[in-house]
Amino acid sequence: MPLDCRLYLITPAALPDPVGFAKTLFNALEAGDVGALQIRLKDVSDAAVEAAVEVLAPIAWSHGVEVILNDRPDLAARLGCDGVHIGQSDAPYAAARKALGPDRTIGVTCHDSRDLAMTAAEAGADYVAFGAFFPTSTKETVHRPELEILEIWQETMLTPCVAIGGITVDNCRPLVTAGADFLAVSAGVWTHSSGPAAAVEAFNREIAAGLAARPAVG
């Protein structure tokens with residue numbers, strides 16, 4: 001079983017002013033460990049995505065944070081992102097891999113299905129994402145996996161798994177203990193009552209507590 005779990009930040013659903021958001025992101029990344037930043041912009045122009053990547057990616061990279069673009073392997077490749085996250089209705093894994101080459105990260109949404117996750121992992125996906133574990137305002141969801149899916153995945157598979165959907169400081173610890181390798185969080189950080197930096201600090205404390213409660217290996 002992996003020995004750690006990390007925070008995987010997702011940008012706010014709307015990002016009309018990436019420059020204005022840059023300081024918020026910088027302060028959040030300064031506050032504690034973050035493994036990845038997904039730039040997730042829906043229903044905007046390619047130029048808007050490019051502008052966001054141009055501003056936000058250097059901040060992430062300066063903190064050792066991987067930059068993942070949502071949905072668009074073609075743009076991820078052209079803009080120099082570290083990888084792409086694709087859903088079941090987006091480009092198929094093979095097309096994403098062809099666009100990005102062998103070394104960049106590809107993650108795949110698998111909802112509440114171990115079968116979808118195993119198919120993605122066997123094809124070569126770098127991580128699989130399960131969710132939504134909790135109600136979320138970020139996107140409409142119909143799948144609600146149980147913690148068991150994380151437990152079984154960690155016991156049987158080597159490909160990292162990401163827990164996503166409505167995750168907050170208050171509800172994240174059981175996901176970590178069950179075996180999530182990453183916690184994908186958007187509103188739980190950006191709209192935290194004490195601010196994003198305080199949220200990152202609090203998530204890292206909860207992750208440490210959740211890891212301490214994981215069953216011993218072997």
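Being touching a Leu at 6+ places or on another chain (Cβ under 9 Å) and farther than 26 Å from A57 by Cα is the filter here; which residues of segment 111-138 pass it? A121, F133 - these are the residues of segment 111-138 that are touching a Leu at 6+ places or on another chain (Cβ under 9 Å) and farther than 26 Å from A57 by Cα. Taken together, the residues in segment 156-208 that are of a type outside the set (A, V, I, L, M, F, W, C), within 28 Å of E122 (Cα to Cα), in a helix (DSSP H, G or I) and in contact (Cβ under 8 Å) with a residue 40 or more places away in the chain amount to 0. Per the conditions (1) crowded, with 18+ Cβ neighbours inside 10 Å; (2) in contact (Cβ under 8 Å) with a residue 24 or more places away in the chain; (3) within 24 Å of V44 (Cα to Cα), the sole criterion not satisfied by I149 is (3). Assessment of segment 157-175 against the conditions (of a type in the set (D, E) and more than 16 Å from the chain's Cα centre (by Cα)) yields at least one matching residue.
Is at least one residue of segment 82-89 part of a loop (DSSP other than H, G, I, E, B) and closer than 25 Å to L29 by Cα? Yes, segment 82-89 contains a residue that is part of a loop (DSSP other than H, G, I, E, B) and closer than 25 Å to L29 by Cα. Please verify whether Q88 is at pLDDT below 95 and in contact with a Ser or Thr (Cβ under 9 Å, 6 or more places away or on another chain), treating the condition exactly as stated. Against the criterion (at pLDDT below 95 and in contact with a Ser or Thr (Cβ under 9 Å, 6 or more places away or on another chain)), Q88 qualifies. Within segment 14-36, residues that are closer than 17 Å to I207 by Cβ have Cβ atoms under 6 Å from residues that are among the hydrophobic types (A, V, I, L, M, F, W, C) and in a helix (DSSP H, G or I) in these pairs: A28/A197; A28/V200; A31/A197; A31/V200; G32/V200, counting only partners at least 6 apart in sequence or on another chain. For segment 18-27, the condition holds for no residue, the condition being that it is outside any helix (DSSP H, G or I) and loosely packed, with under 13 Cβ neighbours inside 10 Å. Looking at segment 160-179 only, could you name the residues that are among the aliphatic types (A, V, I, L, M) and touching a Phe, Trp or Tyr at 6+ places or on another chain (Cβ under 8 Å)? Residues satisfying the conditions are V162, A163, I164, I167, V169, L175.
The values are calculated or read from the model by the stated rules, or taken from the named source; none is laboratory data. Remember, predicted model here, so these are calculated numbers, not experimental data. Note that each Cβ is placed from the backbone with ideal geometry, even for glycine, and that neighbours are counted across all protein chains shown.
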